[in-house]
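Undergrad: Got a structure here, written out as structure tokens. Questions coming.
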Amino acid sequence: MASASNGFEAKLRDVGNRLLHPPSSADEHLPLLEKTESYLAKVEQQPCMSTKITLSPLMEALVADQILNHGNGGVKVSAVACISEITRITAPDAPYDDNQMMVLT
């Protein structure tokens, strides 16, 4: 698992900011989500506060309409894979409220 190094947090911040204003093309969107999932897989469960803060924009972006209502099924699946990683990282605390989770079903 990755430590809370500034370099790794910078990568998380970068993908989070890029997902807040995602590309419209699935050809550009999918690699970004795949990179995001690979970074999230390296984050330890219950990370330090600085990593939690770094994850906030990313968590917000993953449940935005631009991603969850994307016309490409692959984008939606990749987003849900990232949300699954977020859920693992934040367990036992719920990362999203009930209304946000209902959108995923």
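The values are calculated or read from the model by the stated rules, or taken from the named source; none is laboratory data. Not measured: the values here are computed from a predicted model. FYI the Cβ positions are ideal-geometry reconstructions off the backbone, even for glycines, and counts take in every protein chain you see. Only protein heavy atoms, including side chains, enter the accessible area calculation; ligands, DNA and RNA are left aside. Shrake-Rupley method; radii C 1.70, N 1.55, O 1.52, S 1.80 Å.
Undergrad: Among the residues of the stretch 31-46, write down those that are open to solvent by 50 Å² or more (accessible area, probe 1.4 Å) and under 9 Å from the mean Cα position of the chain (by Cα).
TA: E37
Undergrad: Further question on the same structure: Test each condition in (1) surrounded by 13 or more Cβ atoms within 10 Å (Cβ to Cβ); (2) more than 10 Å from the chain's Cα centre (by Cα) for D98 and report the one that comes out false.
TA: It fails just one condition, (1).
Undergrad: Is it the case that L58 is touching a Phe, Trp or Tyr at 6+ places or on another chain (Cβ under 6 Å) and aliphatic (A, V, I, L, M)? Can you show your working first?
TA: Details: touching a Phe, Trp or Tyr at 6+ places or on another chain (Cβ under 6 Å): no; aliphatic (A, V, I, L, M): yes.
No.
Undergrad: What about M49, is it without any contact (Cβ under 8 Å) to a residue 40 or more places away in the chain, over 22 Å from D14 (Cβ atoms), of a type in the set (A, V, I, L, M) and surrounded by fewer than 18 Cβ atoms within 10 Å (Cβ to Cβ)? Before the answer, list the steps.
TA: Working: without any contact (Cβ under 8 Å) to a residue 40 or more places away in the chain: yes; over 22 Å from D14 (Cβ atoms): no; of a type in the set (A, V, I, L, M): yes; surrounded by fewer than 18 Cβ atoms within 10 Å (Cβ to Cβ): yes.
So M49 fails the test.
Undergrad: So, in the stretch 6-30, of the ones that are in a loop (DSSP other than H, G, I, E, B) and open to solvent by 90 Å² or more (accessible area, probe 1.4 Å), which residue ends up farthest from H70 (Cα to Cα)? Give the steps one after another, and end with the answer.
TA: The initial filter retains those residues of the stretch 6-30 that are in a loop (DSSP other than H, G, I, E, B), namely 21-25.
Retained after the next criterion (residues that are open to solvent by 90 Å² or more (accessible area, probe 1.4 Å)): 21, 24.
On the way: H21: 13, S24: 9 Å.
Among residues in the stretch 6-30 that are in a loop (DSSP other than H, G, I, E, B) and open to solvent by 90 Å² or more (accessible area, probe 1.4 Å), the one farthest from H70 (Cα to Cα) is H21.
Undergrad: Only one residue in K76, K52 is touching a His at 6+ places or on another chain (Cβ under 7 Å) and of a type outside the set (V, I, T). Which one?
TA: K76
Undergrad: Now for a different question. Looking for whichever is not hydroxyl-bearing (S, T, Y) and not in a helix (DSSP H, G or I) here; the options are Q66, Q46, Q100. Which one fits?
TA: Residue meeting the stated conditions: Q46.
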